[in-house]
1. Hey, what's the Kirkwood Rh for the stretch 134-293 if you take every pair of different alpha carbons, in angstrom?
2. Name the helices (complete DSSP H segments) of the chain with a Cα length along the long axis of 20 Å or more and a Kyte-Doolittle mean of at least -1.0, or state none.
3. Would you mind listing how long the stretch 150-201 runs along its three principal axes, going by Cα atoms, in whole Å with the largest first?
4. Fewest to most neighbouring Cβ within 10 Å: what's the order for Asp25, Asp264, Asp253, Asp241?
5. Can you tally the net charge around Leu177? Count Lys and Arg as +1, Asp and Glu as -1, for every other residue whose Cβ sits under 12 Å from the Cβ of Leu177.
6. Could I have the simple spin-label model distance between Glu250 and Ala276, label points 7 Å from Cα toward Cβ, reported in nm to one decimal?
7. With an 8 Å cut-off on Cα pairs and a minimum separation of 6 or more residues, tell me the relative contact order of the stretch 169-289 in percent.
8. How many nm is it between the label spots at Lys147 and Phe211, if each spot is 7 Å from the Cα in line with the beta carbon?
Amino acid sequence: MKIAFIGLGNMGSCMARNLLRAKHDVTVWNRTPAKAEELRADNAKVAKSVTEAVREAEITVTMLADDHAVAAAVLGPGGIAENLPPSGTHVSMSTISVELAMRLAVEHGRRGQQYISAPVFGRPEAAAAAKLFIVVAGDSTAIEQAKPVFDAIGQGTFVIGPKPEMANVVKLTGNFLISSVIESLGEAIALARKYEIDPHRYVDFLTNAMFAAPVYKTYGGIIADERYQPAGFKMRLGLKDVRLILAAAEAVDAPMPIASLIRDNLLTAVGRGMEALDWSATAKLAAENAGLK
């Protein structure tokens with residue numbers, strides 16, 4: 001399958017590499033050309049522009065940082081919308097706003113192109129191991145066409161519904177729940193430490209006796225180790241996602257007071273210079289508030 005892959009950050013580079021390992025014909029583009037050049041050794045074709053990357057692609061995947069980057073790559077001059085073949089499909093795997101997902105669906109639709117949202121769950125290590133979970137929504141025929149992409153990068157694909165923005169709602173609510181786990185773990189571990197309980201023993205108990213889910217194991221271990229660098233998911237991106245969650249909630253009059261609290265804590269962490277740390281470093285705030293070093 002001819003695939004264009006746009007966006008080669010910590011996640012995107014791993015995903016593109018797995019598509020190459022699955023023997024797909026992959027053309028890559030990144031705003032920083034050096035990131036694209038790294039994939040030549042894996043037999044990727046390196047495009048000099050988005051136009052060049054997508055003009056012959058059956059599937060174009062975007063994995064970019066935020067709404068601004070996605071809108072520029074898709075809707076800007078020389079972008080994906082202008083150059084994707086009429087039979088082509090754009091698969092947006094980024095975490096973007098519900099509003100932008102709806103706009104992209106309209107823009108592609110009026111050009112006779114297919115658009116589906118397929119955001120992913122998993123940190124960079126899961127992306128490298130092709131163990132992502134993928135949430136998909138959009139036209140069923142387009143989803144079936146993109147199935148080889150999902151099979152190459154993930155361990156599970158969940159089709160949510162016919163409207164692309166449905167997948168983005170699921171992604172945002174999922175990230176809200178992860179951020180809630182991080183906040184509660186940070187507070188609980190700080191309290192345990194105040195009573196001189198070893199945080200590693202505490203997390204071992206929690207994740208074996210009560211909360212065996214990967215998110216508790218992953219973030220419990222990070223917080224107990226205070227291992228916030230290198231960041232698997234940077235604080236500023238976490239703040240961006242919680243802001244998107246609150247915007248989506250306000251649009252349908254759904255109050256989310258816990259999300260508001262988490263937004264404030266993430267903003268505090270960024271304000272204290274922690275924006276390059278993993279977003280789980282908000283646990284440092286709970287520890288500091290408890291008088292711990």
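1. Every distinct Cα pair counted, the radius reaches 17.2 Å.
2. Within the chain the helices that satisfy the rule are 164-194, 235-251, 257-271.
3. Its Cα atoms span 51, 23, 10 Å along the three principal axes.
4. Working: Asp25 16, Asp264 12, Asp253 6, Asp241 25.
Ranked by crowding around the Cβ, least crowded first: Asp253, Asp264, Asp25, Asp241.
5. Details: positive: Lys171; negative: Glu183, Asp241.
Surrounding charge for Leu177 is -1.
6. Each label point is offset 7 Å from its Cα along the Cβ direction, giving 3.1 nm.
7. 38 percent
8. Simple spin-label model gives 3.7 nm for this pair.
Only the coordinates and a few stated rules stand behind these numbers; no lab work does. Only a predicted model underlies this, so the values are computations on that prediction, with no experimental measurement involved. Every residue, glycine as well, gets a Cβ built from its backbone with ideal geometry; the counts of neighbours run over all protein chains shown.
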